Amino acid sequence: MTDYRRADGETRYWPLGPFKVRLPFLHYRFEWPDYFQGLLMCAVDLAAIPLMTELLGMPFEAALAVVLLNGLLYLAHHLLGDPVVPGWITPAIPLLIAYCQTFPEGPERVHALIAFQLLLGLFCIGLGITGLSRKVVGLVPPAIKAGIIMGAGIAAVISVFEVGGRFESFPWTISIAIGIAFYLIFSRHFAWLKSRNRFWGLLGKLGIFPIIALAIIIAPLFAEAPWPTIEWGFTSPDFMTLWNEYTVFGLGLPSPEMFLQAVPTMLAAYIVLFGDVLQGKALLTEADEARRDEKIDYDPDRAHMIFGGRNATMSIIGPDVAMCGPLWAAMHVVIVERFKEGRKAMDSIFGGAGSFRWGTNTGLILMPIVSLVEPILGVALALTLLIQGYVSVRIGILEARSQRDLGIAGVTAAVLATQGATWAFAVGVALCFLIYGRRFFSGENDQTFTKDLEPRNNQEDTP
């Protein structure tokens with residue numbers, strides 16, 4: 001077997017400024033299990049298509065072109081030294097949709113999306129180059145941070161269950177699928193089963209793929225979607241329509257006023273996004289401790305430059321409602337868990353993350369796979385939003401440090417979910433000033449989250 005390690009334990013690479021270039025077969029072992037999983041999990045990437053067709057009136061083939069372009073840019077992370085499985089900025093999707101809907105459908109709404117994504121991309125690149133990312137988020141009071149993240153999660157749930165939402169189109173499919181999803185991903189009982197049985201452990205490592213496969217069967221059985229009609233050949237993305245009608249090449253640049261209007265929503269999206277950066281770093285730290293044979297170098301500044309560059313690029317060549325985020329948490333966990341099993345299971349974290357994303361890109365161009373999942377793309381999107389809503393509310397609450405923080409966060413979250421980011425920031429800032437005064441930035445810590453803790457030996461380990 002080829003040894004892809006350097007003397008210091010890090011996987012081989014070509015240095016390129018702050019980046020570390022790694023190519024398959026040359027710098028890391030190609031992991032076929034992760035590639036084949038990615039081949040099928042492209043269904044989640046395709047779930048972005050309904051977002052663009054509904055919000056922008058974009059034809060399916062033009063939206064597919066956006067997904068393909070975004071898919072290619074996913075590869076930039078592992079190719080440039082960022083050992084993660086990248087994805088959308090899922091919790092911020094409802095915030096962006098609500099913002100864009102304040103503009104009339106057509107060129108003005110597209111310009112609003114372009115301005116937002118370009119501003120977000122440049123902002124992230126700037127923070128990555130200067131190393132200021134940690135300081136910027138540190139300036140946001142915990143109560144406002146908690147409210148923004150919670151509000152994004154609540155908005156995600158609302159977008160599924162609101163009048164005319166996806167739940168009305170797939171009530172039985174979403175109910176059954178999300179119930180199984182929550183059990184497989186969050187249940188203590190299933191976590192206990194996984195630790196004691198190889199079959200359940202394997203099922204747990206597949207992420208949400210089994211649930212999407214089940215939805216393909218359930219939806220037709222309940223007459224909520226047609227049975228898939230398998231088509232052969234390759235997909236036909238419409239790049240010309242995309243570039244002529246939905247980008248700066250055909251519409252020109254947005255006005256300066258558009259960029260100014262996008263600032264509050266961009267800041268809210270960034271706060272949500274930074275939570276994914278922290279989560280990715282924590283997961284990789286665990287992996288690094290479990291696998292001493294590979295030195296994992298995760299640099300948040302490098303990550304900011306990469307996903308910032310993705311957003312800036314997509315804003316020009318294919319504005320994307322799902323945005324370009326730093327982490328696909330569910331699949332990153334799957335890759336990391338397999339990596340922890342040892343070098344025989346996965347030689348390098350770059351091999352797992354990279355092979356998976358090579359697989360999703362392959363799936364996006366294969367018509368049999370796209371046609372198989374096309375009838376239930378709305379279900380896949382609803383599942384993604386509901387799972388992310390659960391995670392965002394949980395993470396948001398934990399950002400708070402006191403009962404006063406929780407009160408401010410609750411009001412801010414409700415305003416965010418109903419009135420948008422601009423009002424949410426205004427309300428959050430006003431409440432922090434009124435309640436904390438000179439302690440606006442520091443707030444307080446009243447031990448709310450530790451007062452009911454029991455000694456560890458009194459807690460049960462079984463479900």
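The values are calculated or read from the model by the stated rules, or taken from the named source; none is laboratory data. Computed from a predicted structure; not experimentally measured. Quick reminder, even Gly has a Cβ in these numbers, built from the backbone with ideal geometry, and neighbours come from all protein chains shown. Please note that ligands, DNA and RNA were not included when accessible areas were found on the heavy atoms of the full protein model with its side chains. Shrake-Rupley method; radii C 1.70, N 1.55, O 1.52, S 1.80 Å.
Sequence-distant contacts, meaning Cα pairs under 8 Å at least 6 residues apart, place the relative contact order of the range 317-463 at 14 percent. When the charge dipole of the chain is built from unit charges on Cβ atoms (+1 for Lys and Arg, -1 for Asp and Glu) and taken about the Cα centre, the candidate among 239, 448, 378 whose Cα reaches farthest toward its positive end is 448. First obtain the Kirkwood hydrodynamic radius of the range 231-353 from its Cα pairs, then insert it into the Stokes-Einstein equation at 25 °C and 0.890 mPa s, and state the resulting D in µm² per second as a whole number. It comes out at roughly 141 µm²/s.
Using only C-alpha atoms and all pairs of different ones, pull out the Kirkwood radius for the range 78-134 in Å with one decimal. Don't skip to the end; give the middle numbers.
Working: mean 1/r = 0.0743 Å⁻¹.
Result for the range 78-134, one decimal place: 13.5 Å.
Rounded to the nearest whole angstrom, the semi-axes of the ellipsoid equivalent to the chain, taken from the Cα gyration tensor as √(5λ), stand at 30, 29, 25, largest first.
Between residue 253 and residue 162, the C-beta separation translates, for a Förster distance of 41 Å, into a calculated FRET efficiency of about 0.80.
Dipole of the chain computed with +1 at Lys/Arg Cβ and -1 at Asp/Glu Cβ about the Cα centre; of 73, 164, 189, farthest Cα towards the positive end is 189. Annotation for the range 261-275 versus the range 73-105: alpha-carbon center distance of 11 Å.
Using the Cα centre of the range 1-82 as the reference point, and only Cβ charges (+1 on K/R, -1 on D/E), how large is the resulting charge dipole? Debye, rounded to the nearest 20.
380
For the chain, relative contact order (Cα pairs under 8 Å, six or more residues apart, normalised by length) works out to 36 percent. Charge dipole (Cα centre; +1 on Lys/Arg Cβ, -1 on Asp/Glu Cβ; no other charges) of the range 103-238 amounts to roughly 1040 debye.
Over the chain, DSSP H runs of length four or greater, each weighted -39,500 (n - 2.57), average out per residue to a 222 nm ellipticity of -21500 deg cm²/dmol. Beyond 16 Å, the tail of the calculated P(r) for the range 118-198 holds 73 percent of the Cα pairs. Size descriptor for the range 323-463, Kirkwood hydrodynamic radius: 19.7 Å (Cα pairs only, one decimal). For the range 116-208, relative contact order (Cα pairs under 8 Å, six or more residues apart, normalised by length) works out to 10 percent.
Using square roots of five times the C-alpha gyration tensor eigenvalues, list the equivalent-ellipsoid semi-axes of the range 374-456 in whole Å, biggest first.
Working: eigenvalues 179, 88, 10 Å².
The equivalent ellipsoid of the range 374-456 has semi-axes of 30, 21, 7 Å.
Computed extension length for residue 202-residue 438: 79.7 nm, one decimal, from 0.36 nm per residue of separation with the Cα-Cα distance subtracted.
Quarter the surface of the alpha carbon convex hull of the range 54-104 and you get the mean projected area, 4.5 square nanometres. When the range 239-384 is described by a simple charge dipole with +1 on each Lys and Arg Cβ and -1 on each Asp and Glu Cβ, the residue from 249, 313, 362 located farthest towards its positive end is 362. Determine, from the Cβ-Cβ distance of residue 8 and residue 394 and an R0 of 30 Å, the FRET efficiency 1/(1 + (r/R0)^6), rounded to the nearest 0.05. The formula returns an efficiency of 0.20 here.
Split the accessible area of the chain by element, probe 1.4 Å, and carbon with sulfur accounts for 64%.
The orientation-averaged projection of the convex hull spanning the C-alpha atoms of the range 168-246 amounts to 8.5 square nanometres. Residues within the reach of a label modelled at residue 285 (point 7 angstrom out along Cα to beta-carbon, backbone nitrogen below 15 Å), restricted to the range 129-158, are 134. Remark on residue 21: its backbone amide H falls under 5 Å from those of 14, 16, a criterion applied only to residues 5 or more positions apart or on other chains, H modelled at 1.01 Å from N. Computed about its Cα centre, the charge dipole of the chain is approximately 1220 debye, with only Lys, Arg, Asp and Glu carrying charge at their Cβ.
Across the range 38-170, the convex hull enclosing all Cα atoms gives 146 Å³ per residue.
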